[in-house]
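To keep things clear, I will list the structure first and then write my remarks on it.
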Amino acid sequence: WAGGAGGEPSRAVPGAAQGASMVLQEPAGAPSLSTAAGGVGDAAAEVQLSRLRWAVLLLFSSYSLCNAFQWIQYGSINNVFVRFYDVSTFAIDWLSMSYMLIYIPLLFPVAWLLDKRGLRLIALAGSALNAMGAWVKLGSLKPHLFPVTVLGQVICGLAQVFILGMPSRIASVWFGSHEVSTACSIAVFGNQLGIAAGFLVPPVLIPNVEDVEKLAYHISIMFFMTAGVASALFILVIIVFKEKPPNPPSRAQASIQSRPTAEYSYVQSILRLLRNANFLLLMVTYGLNVGCFYALSTLLNRMVIHHYPVRDPKCCFRSVQMQSTKIWGRKHSRGWGTWSSSTERQTTLVVYIMSLVGMIVYTFTLSLGHLWVVFVTAGLLGFFMTGYLPLGFEFAAELTYPESEGTSSGLLNVSAQIFGIAFTIGQGQIMDRFGTKAGNLLLCSILFLGTIMTAFIKADLRRQQANLENEQT
């Protein structure tokens with residue numbers, strides 16, 4: 001038995017390979033999906049779920065995790081790398097912001113490639129660049145080789161362009177209509193778990209010592225481990241990652257695949273997205289929320305060390321991130337995705353409000369001097385801010401169907417990168433001049449603005465409506 005688009009069970013097609021897949025069959029006497037779409041053959045009438053979809057999703061989540069780890073591995077121990085390379089704090093911050101800067105001009109070329117060449121090419125490029133950047137960093141284990149580590153980080157930033165727009169596309173191409181929210185949440189969760197690992201692992205592997213040679217040794221361990229994992233994942237992508245399943249997994253996806261290629265124009269698709277008022281509102285609010293998250297991720301080490309200088313900064317920061325990682329790891333992304341399947345707008349608004357509340361509480365408890373309070377507030381803030389990411393992707397896919405999920409996700413990410421750079425620089429300058437509370441109040445005001453704007457987004461769930469109409473037909 002396989003769940004249909006409307007939630008009702010449908011019988012498996014007789015003769016299908018047992019255990020290999022699940023198939024939905026059109027009701028007897030009803031017009032076939034291929035006929036409704038313009039007649040493209042009997043194959044389009046089958047809606048089939050491939051078991052390989054979970055392997056593809058897990059593999060993508062894994063190399064996305066590795067790439068996210070490399071993004072924040074410098075910022076989580078900012079003070080250590082400042083001393084090792086003898087550069088300014090702002091220079092180390094730019095290792096994080098380089099990811100954001102690179103994404104902006106390359107979004108449209110990569111989104112065009114995703115539409116024209118498909119998932120497999122993009123997956124190969126992203127995992128290959130991720131491994132290449134990790135190996136380049138191994139050539140930067142001397143204090144005077146800071147430009148080499150910048151080069152490695154830039155290559156990893158290029159890999160990120162091939163990664164961030166993939167979750168909603170993988171979910172739509174490989175998963176059934178009742179699974180897309182969960183699949184998108186798991187895909188995004190891999191990236192967030194990588195950020196959590198990027199906060200936790202570097203302080204564990206690299207001690208806060210003055211000896212430069214000892215620092216180089218411990219940094220090399222982290223770089224070798226990262227390069228080995230990234231290379232293994234690239235090999236697995238070559239072997240396992242496929243373009244798409246043999247049959248479409250949902251009626252909405254079957255309708256898209258049955259459309260002649262000549263009918264699709266990438267430029268026109270972008271123009272249609274930019275004329276969609278609800279999507280434009282979501283693009284701005286998503287950028288505000290995720291931009292705040294990027295700024296916090298980059299500057300969190302500096303905040304904690306500023307307020308707890310008496311303690312060992314490494315242990316203090318590690319404790320905060322361990323608590324955050326515990327909370328993040330409780331499958332919250334899957335929970336948000338399952339709930340949001342039928343209440344996209346309400347769920348998005350609730351999570352946005354809770355992100356604002358979490359930011360306010362974190363702002364006014366950071367300086368109290370009680371480290372356990374910071375454990376809790378940082379964890380709750382991370383819970384809601386990272387939980388918003390898969391919601392944004394899925395809501396965008398609903399608002400913009402039948403446009404490409406890669407294009408809508410890419411535009412959301414461009415907004416996030418632009419705001420992320422602005423907020424990181426702005427908050428960093430405010431922290432230096434007026435203190436951490438003033439910098440955090442800036443983010444509180446931004447999240448308040450985003451909450452108000454989110455309330456004006458209408459729930460125009462086009463993809464769910466398409467599945468419902470096809471089911472009724």
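Assorted remarks:
- Averaged over its residues, segment 405-458 has an accessible area of 38 Å² per residue, based on protein heavy atoms and a 1.4 Å probe.
- The amide H of V47, built 1.01 Å from its N in the peptide plane, has L24 as neighbours under 5 Å, considering only residues 5 or more places off or on other chains.
- As a rough guide to protection, the peptides 161-172, 230-241 ranked by mean Cβ packing within 10 Å, highest first, stand as 161-172, 230-241.
- For G176, the amide hydrogen comes within under 5 Å of no other amide hydrogen, counting only partners 5 or more places away or on other chains and with H modelled in the peptide plane.
- P(r) of segment 51-249 over all Cα-Cα pairs, binned every 5 Å from zero, in whole percent: 1, 8, 16, 20, 19, 13, 9, 7, 4, 2, 1, 0
- Taking 0.36 nm per residue of separation and subtracting the Cα-Cα distance, full extension of the segment from T89 to Q346 would add 88.5 nm.
- In order along segment 194-204, phi translates into HN-Hα couplings of x, 5, 4, 5, x, 7, 8, 6, x, x, 6 Hz, rounded to whole numbers, per the Karplus curve 6.51 cos²θ - 1.76 cosθ + 1.60 with θ = phi - 60° and x for Gly and Pro.
- Shown for segment 51-249: the carbon plus sulfur share of the solvent-accessible area, taken with all protein chains present and a 1.4 angstrom probe, equals 74%.
The values are calculated or read from the model by the stated rules, or taken from the named source; none is laboratory data. Everything quoted here is computed from the prediction, not taken from an experiment. Positions of Cβ are generated from backbone atoms using ideal geometry, with glycine treated the same way; all protein chains shown enter the neighbour counts. The accessibility values were calculated without ligands, DNA or RNA, using every heavy atom of the protein model including side chains. Shrake-Rupley method; radii C 1.70, N 1.55, O 1.52, S 1.80 Å.
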